[in-house]
Each structure stands twice: as structure tokens, then as C-alpha cells.
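Colleague: Handing you a structure now.
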Amino acid sequence: MRICLTRSAEDNAPLNRLLSERGHDVCELPTAEIRFDTPVSIHKGLRALLTEHGVVAFTSRYGVRALASALQEAPTDVLDLIQTQRWAAVGQATEEALVTLGFSVVLKPSVATGTQLAHAIGERFACATNVVHIAGRHARPEFKEVLHRLGFRPQTLEVYSNEQPTSPSAATLHIAGQADVIYVAAPSAIDRLHRWRPALIDKPLICIGPTTAQHLRETRSLDAAAIAASARLQDVVEAIESCARESL
């Protein structure tokens, strides 16, 4: 089975290696370049937005990675604020990234979407609680919108950008077009694939989670061929291979 991976080259590498070991033919068409803000700018944002005993929410592992980098050289006052926070994660992979940093996650919804994370926060905390969403620029608005409807006043600290790479060559697009399935890990991947070669969207698309699948339905009126149970490697591989089994 030929599988096209669309994350950045760095993020594709572990999945590429695992799929190749399992006998799949893997090609890559990176649709993202992740650029993290400087630690100094993140420290400034944390000082401005965090209060003691607030909730810090993540809807992406990239937000966790940006925070991890910033904390390596964080001043004492920022570290003191960090130690008083409660941590909320959109899904299992994001939770595991936070646990690796030594943070105990107090909240994770049963369905990994920003909407469900917001509802879980609303059920657990008073609306006067300070909620800071650590996210990328142009993040989907549902998390913040739901919290506003619930009476919260969430704040967003943007710590990274998901940039479109240089347009791929015709040869790279041709190879991607020969894939049996394409794995997409963000709504932006769907938009960029369509921009580069619309026919790629007609391929069976395996989505990292329900948010990406929802974007596919809303923008292209298409259903995902499969949705991974979580962003963990083993769950992504299972979604890809289940799609392969169904096509036999």
C-alpha cells in the first residue's frame, strides 16, 4: 500500500519509519513548516496572561513543544507561575506530551476536539477561572467561542505559526497522486493539498482526529476514509491499515 504523509519532514519521520517497517510504500508531501516563537516572547506572554491557580489548555502538541522550549531558560517568576496552573489537554497525545514535561493533566475530554475540551472545562471549573489557551496562529475558533458562551473570558497565547512551505514540484505532486491513501494531520493540510492539486482531495484521506475530519466535511463536502482514535503513532497506523483492509 502506498501512503502519502503530509506533516513536516521532522514530524513525518517516526510514522514514515514505522509504516516502512510494516511493509508499506511511503512518500511525503509536507504541507506545513512549524515556526515557534522565541522563548523571550513566550515568557512575556505567560507573565501577562497567567494568574495563580488558572487553567492552561492545549489543543495541539505544537503548543506543548513551544512551551517546553521556553521553559528550558525561563526566569524564576515565570516558573513560579507555571507551578500553580491546572493543565488541560485536547487528546491523549497532547496529554502525554505534557506528562513528559512533568505536568499532571487534570482534564481531557472523551472526544478530542476544542469544542469538547471547552465543555469539559465548563463542567469542571467556575466561569471566573482564568483560562489561557496556548495555541498557534489562526487556530480554529470553536474552543474560545464555546467558553465565551459558557460565561468564561478565555485568553489566547499564540506561540507558533503553521506556515505553508514552498509549493512542491510537479514530480513530487505526481508521486503523491499515485498514493492509495493520504494522511492529513491538520485542517490546513487539506486546504494546501487542494490549492496545490485539487485531485489529491479525492483520494481516501485518513484524518488525525475529528477536527480535521470536520474541516474536510465543511469545506469539501467529503468524509474521511478513516479517523485515528488519537494522534499517537499506533492509533494512526491502525487507522491507515484498517482503511487498507477495507479496500481489499
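Colleague: Name the helices (runs of 4 or more DSSP H) wholly within segment 44-144 that hold at least 3 residues that are under 28 Å from residue 8 (Cα atoms) and not assigned by TED's automatic domain parsing to the domain that holds residue 228? If you could, list the steps in order and put the result at the bottom.
Modeller: On the way: elements: 61-71, 76-82, 92-100, 114-124.
Per the criteria, 61-71, 92-100, 114-124.
Colleague: Okay, next question. Can you tell me which of (1) loosely packed, with under 15 Cβ neighbours inside 10 Å; (2) under 21 Å from the mean Cα position of the chain (by Cα) is the one residue 182 doesn't meet?
Modeller: Result: residue 182 passes all but (1).
Colleague: For segment 50-68, state whether one or more residues are without any contact (Cβ under 8 Å) to a residue 24 or more places away in the chain and within 29 Å of residue 234 (Cβ to Cβ).
Modeller: For segment 50-68, residues without any contact (Cβ under 8 Å) to a residue 24 or more places away in the chain and within 29 Å of residue 234 (Cβ to Cβ): absent.
Colleague: Filter segment 6-24 down to residues that are touching a residue at least 40 places away in the same chain (Cβ under 8 Å) and either basic (Lys, Arg) or not assigned by TED's automatic domain parsing to the domain that holds residue 180 (or both) and give me whichever is surrounded by the fewest Cβ atoms within 10 Å (Cβ to Cβ).
Modeller: My answer is 22.
Colleague: Here's something else I'd like to know. For segment 194-206, state whether one or more residues are outside the structural domain of residue 58 (by TED's automatic domain parsing), within 17 Å of the chain's Cα centre (by Cα), closer than 30 Å to residue 39 by Cα and not charged (D, E, K, R).
Modeller: Keep residues of segment 194-206 that are outside the structural domain of residue 58 (by TED's automatic domain parsing), which gives 194-206.
Then drop every residue that is not within 17 Å of the chain's Cα centre (by Cα), which leaves 205-206.
Of the ones still in play, those that are also closer than 30 Å to residue 39 by Cα are none.
No: zero hits.
Colleague: If you don't mind, another one. Based on this model, can you work out whether residue 155 counts as out of contact with any Asp or Glu (no Cβ under 9 Å at 6 or more places or on another chain), over 21 Å from residue 45 (Cα atoms) and polar (S, T, N, Q)?
Modeller: Working: out of contact with any Asp or Glu (no Cβ under 9 Å at 6 or more places or on another chain): yes; over 21 Å from residue 45 (Cα atoms): no; polar (S, T, N, Q): yes.
Criteria not met by residue 155.
Colleague: Taking segment 49-108 as the search range and keeping residues that are under 16 Å from the mean Cα position of the chain (by Cα) and among the hydroxyl-bearing types (Ser, Thr, Tyr), which one is farthest from residue 159 (Cα to Cα)?
Modeller: So, considering only residues that are under 16 Å from the mean Cα position of the chain (by Cα) and among the hydroxyl-bearing types (Ser, Thr, Tyr), the one farthest from residue 159 (Cα to Cα) is 94.
Colleague: Looking at (1) in the same structural domain as residue 172 (by TED's automatic domain parsing); (2) without any contact (Cβ under 8 Å) to a residue 12 or more places away in the chain, which one does residue 27 not meet, given that it meets all the others?
Modeller: Condition not satisfied by residue 27: (2).
Colleague: Looking for whichever is surrounded by fewer than 22 Cβ atoms within 10 Å (Cβ to Cβ) and modelled with pLDDT under 95 here; the options are 86, 197, 140, 124. Which one fits?
Modeller: None of the others qualify; the one that does is 140.
Colleague: Give the number of residues within segment 21-43 that are outside any loop (DSSP other than H, G, I, E, B) and not aromatic (Phe, Trp, Tyr).
Modeller: Number satisfying all stated conditions: 13.
Colleague: Which condition breaks for residue 151 when tested against (1) surrounded by fewer than 17 Cβ atoms within 10 Å (Cβ to Cβ); (2) at pLDDT below 95; (3) assigned by TED's automatic domain parsing to the domain that holds residue 92?
Modeller: (2)
The values are calculated or read from the model by the stated rules, or taken from the named source; none is laboratory data. Here the structure is a predicted model, which means the values were calculated and not measured. As a convention, Cβ positions derive from the backbone with ideal geometry for all residues, glycine included, and neighbour counts pool all protein chains shown.
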